Amino acid sequence: MLEYIEFFLDDIELGVHALELITEIFRDSENLLTYPLVPLIKKIASDIDLLDIETTKKATLLSFLPVFMFYKDQCLKDN
């Protein structure tokens with residue numbers, strides 16, 4: 001499944017569902033501990049930053065980011 005993340009990232013401009021799929025892949029997954037998340041999060045943050053300040057899409061995309069920071073209710077400080 002991880003090999004498809006790049007395809008999902010390409011679709012972030014089209015809506016929120018691509019990031020929703022990506023976060024479901026990582027939700028409480030051991031992949032959070034091994035996958036190189038920095039480039040992924042930088043890409044997501046860059047795409048979010050390009051949106052207008054007060055849009056529902058921006059708020060929704062931002063709401064998915066905490067998934068990358070927690071593994072089984074434990075905060076991943078490096079993330």
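The values are calculated or read from the model by the stated rules, or taken from the named source; none is laboratory data. Bear in mind the structure is a predicted one, so any value in this text is a computation, not a measurement. Here the Cβ is made from the backbone with ideal geometry for all residues, glycine too, and neighbour counts use every protein chain on show. Just so you know, the surface numbers come from the protein's heavy atoms only, side chains and all, with ligands and any DNA or RNA stripped out. Shrake-Rupley method; radii C 1.70, N 1.55, O 1.52, S 1.80 Å.
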Within region 23-51, the count of residues that are within 11 Å of Leu2 (Cβ to Cβ), open to solvent by less than 100 Å² (accessible area, probe 1.4 Å) and either without any contact (Cβ under 8 Å) to a residue 24 or more places away in the chain or not in a helix (DSSP H, G or I) (or both) comes to 3
Residue check for Leu9: outside any loop (DSSP other than H, G, I, E, B), crowded, with 16+ Cβ neighbours inside 10 Å and on the phi < 0 side of the Ramachandran plot: yes
Condition set open to solvent by 50 Å² or more (accessible area, probe 1.4 Å) and within 17 Å of Glu13 (Cβ to Cβ), scope region 58-79, selection nearest to the chain's Cα centre (by Cα): answer is Leu62
